[in-house]
1. For the condition in contact with a strand residue (DSSP E or B) (Cβ under 6 Å, 6 or more places away or on another chain) and β-branched (Val, Ile, Thr), what is the one hit in Val216, Val230, Val188, Val175?
2. Could you please find all residues in region 90-104 being open to solvent by 20 Å² or more (accessible area, probe 1.4 Å), in contact with a Gly (Cβ under 9 Å, 6 or more places away or on another chain) and not small (Gly, Ala, Ser)?
3. For region 46-79, name all the residues that are closer than 18 Å to Leu167 by Cβ, open to solvent by 30 Å² or more (accessible area, probe 1.4 Å) and in a helix (DSSP H, G or I).
4. For region 210-223, which residues satisfy the criterion of being closer than 19 Å to Val175 by Cα and either open to solvent by 30 Å² or more (accessible area, probe 1.4 Å) or at pLDDT below 95 (or both)?
5. I'm checking my understanding of the structure. Among residues of region 312-345 that are touching a Phe, Trp or Tyr at 6+ places or on another chain (Cβ under 6 Å) and small (Gly, Ala, Ser), which one is nearest to Ala72 (Cα to Cα)?
6. Could you check region 121-147 and list, in sequence order, the residues that are over 26 Å from Ile221 (Cβ atoms) and either of a type in the set (Asp, Glu) or at pLDDT 80 or above (or both)?
7. Mind checking which residues of region 159-180 are assigned to a loop (DSSP other than H, G, I, E, B), among the hydrophobic types (A, V, I, L, M, F, W, C) and surrounded by 16 or more Cβ atoms within 10 Å (Cβ to Cβ)?
8. Would you check if there is a residue in region 293-310 being within 21 Å of Pro69 (Cα to Cα), open to solvent by 70 Å² or more (accessible area, probe 1.4 Å), touching a strand residue (DSSP E or B) at 6+ places or on another chain (Cβ under 8 Å) and among the charged types (D, E, K, R)?
Amino acid sequence: MQLNINQSEFPWYQGNSRLIDRSVQGKWLAAHILQMAIIMFWVGINTLSENQVFDPGLPMYDQGLVLIPHLAAEGFGVGAGGVVTNPGVYVQVALVHMVASVVLFFGAYYHAQIGPADLSQGGRGNTAKFSFEWDDPKRLGYILGNHLIFIGFASLIFVGWMKYHGLYDPTIGEVRAVTPAMENFTNVYKYGWSTPGYNPFFVDNLGDLAAGHFLVGLLDIAGGIWHILVPPFQWEQRLGARQDNYSADGLIGLSLGGVAIMGFISAYFCAVNTFVYPVEFYGPALEVKFNLTPYFQDTADFADGVFSSRAWLANITYYLGFYCLQGHLFHSLKAMGVKFEEIPNALSQTFVQEPSIITGAAPTTDAAPEIKEAPVEETTSMDSTESVPAAEASQANGSDSTESPQT
């Protein structure tokens with residue numbers, strides 16, 4: 001089944017609409033690769049920028065840094081007490097990201113200008129398998145499965161980093177390698193709000209952290225294999241609004257909704273967890289405040305206009321999640337048939353005055369005609385009052401003239 005895409009249905013600011021048609025799926029793939037290239041470039045250039053202003057003699061969280069605290073928490077360049085002993089490693093990490101961004105930029109250029117525009121025409125390897133229709137659940141499940149497998153392997157690689165290199169452990173103030181034990185795997189199933197002491201937002205040891213990532217990695221890989229081999233069930237495709245999901249707007253709406261949820265969870269996790277986000281690098285935990293919107297505020301005293309790294313990261317993540325939620329609502333409602341481009345016309349018609357019930361004409365706001373009409377109405381009423389005796393007299397005369405021939 002193919003969709004008929006009418007480009008005129010999309011306003012100018014929905015630039016991605018030009019990538020909906022199957023004939024330009026090469027550019028659609030290029031756009032995704034370019035997004036990854038921009039992310040890599042942003043990480044590289046901002047890590048270099050932060051390293052230029054970073055002063056190891058001052059608290060890291062008091063210097064407006066966001067990326068270097070992440071690297072320090074992952075065990076890069078820090079020693080006992082969280083003191084940075086090798087800031088040069090941050091330059092190396094930045095350069096690796098810059099090189100990766102260049103490779104991805106070339107990949108985006110290849111798929112946009114050189115590679116097949118229609119992926120169904122084939123290319124290297126199994127390129128044709130990634131050609132799809134928006135309303136083809138089986139092929140979409142295949143692509144989803146491949147994404148999940150990559151995410152799963154990334155999670156397992158992080159577990160390997162924890163095992164062979166280690167993360168900064170704030171309970172001992174040093175970088176420590178950790179291998180999850182069986183107890184840690186059983187603890188993972190206790191995390192929630194039903195078991196006291198196992199709130200997932202307050203995980204406080206590397207063993208549980210490693211076990212959780214290991215299990216998530218396995219589940220992602222298993223889910224990826226499942227979606228590659230098994231298409232969505234028919235009952236699932238017909239389940240309520242799920243029918244609207246198999247479209248361009250429906251799928252991007254689901255994706256943005258997932259990113260929004262992860263953004264909200266990450267923002268709160270960063271705000272309150274001082275183990276994964278150590279105080280030495282991010283500053284003290286934050287408290288939730290409410291104004292026009294919720295926000296996170298520092299609990300420590302800083303100079304006016306100065307915020308901790310934790311406050312910057314938590315608030316930015318929250319607001320990005322909020323905007324992704326708006327995108328989720330927009331695209332999901334559009335997939336369900338809401339035409340936002342018709343809202344201005346609907347609003348304008350709502351505020352137009354309705355015609356008068358008596359005259360059938362729209363009421364006027366001009367006062368002058370009302371002044372002129374008042375005497376006319378009064379004169380008319382007087383004429384009609386005075387004409388009553390005249391009419392009676394005329395009727396009497398008529399009666400006389402009618403009777404006189406008989407006489």
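1. The conditions single out Val175.
2. Val93, Leu95, Val96, His97, Met98, Val99 - these are the residues of region 90-104 that are open to solvent by 20 Å² or more (accessible area, probe 1.4 Å), in contact with a Gly (Cβ under 9 Å, 6 or more places away or on another chain) and not small (Gly, Ala, Ser).
3. Residues satisfying the conditions are Tyr61, His70.
4. Taking region 210-223 first, the residues closer than 19 Å to Val175 by Cα are 210-211, 213.
Answer for region 210-223, where residues must be closer than 19 Å to Val175 by Cα and either open to solvent by 30 Å² or more (accessible area, probe 1.4 Å) or at pLDDT below 95 (or both): just His213.
5. So the first thing to find is which residues in region 312-345 are touching a Phe, Trp or Tyr at 6+ places or on another chain (Cβ under 6 Å), and the list is 314-315, 321.
Filter once more, keeping what is small (Gly, Ala, Ser): 314, 321.
On the way: Ala314: 17, Gly321: 25 Å.
Among those that are touching a Phe, Trp or Tyr at 6+ places or on another chain (Cβ under 6 Å) and small (Gly, Ala, Ser), it is Ala314.
6. Matches in region 121-147: Glu133, Asp135.
7. Across region 159-180, the qualifying residue is only Val178.
8. Checked region 293-310: no residue is within 21 Å of Pro69 (Cα to Cα), open to solvent by 70 Å² or more (accessible area, probe 1.4 Å), touching a strand residue (DSSP E or B) at 6+ places or on another chain (Cβ under 8 Å) and among the charged types (D, E, K, R).
The values are calculated or read from the model by the stated rules, or taken from the named source; none is laboratory data. What you see is a predicted model; the values in this text were computed from it and never measured. Counting neighbours? That spans all protein chains shown, and the Cβs are built from the backbone with ideal geometry, glycine included. Side chains included, ligands, DNA and RNA excluded: accessible areas come from the protein's heavy atoms. Shrake-Rupley method; radii C 1.70, N 1.55, O 1.52, S 1.80 Å.
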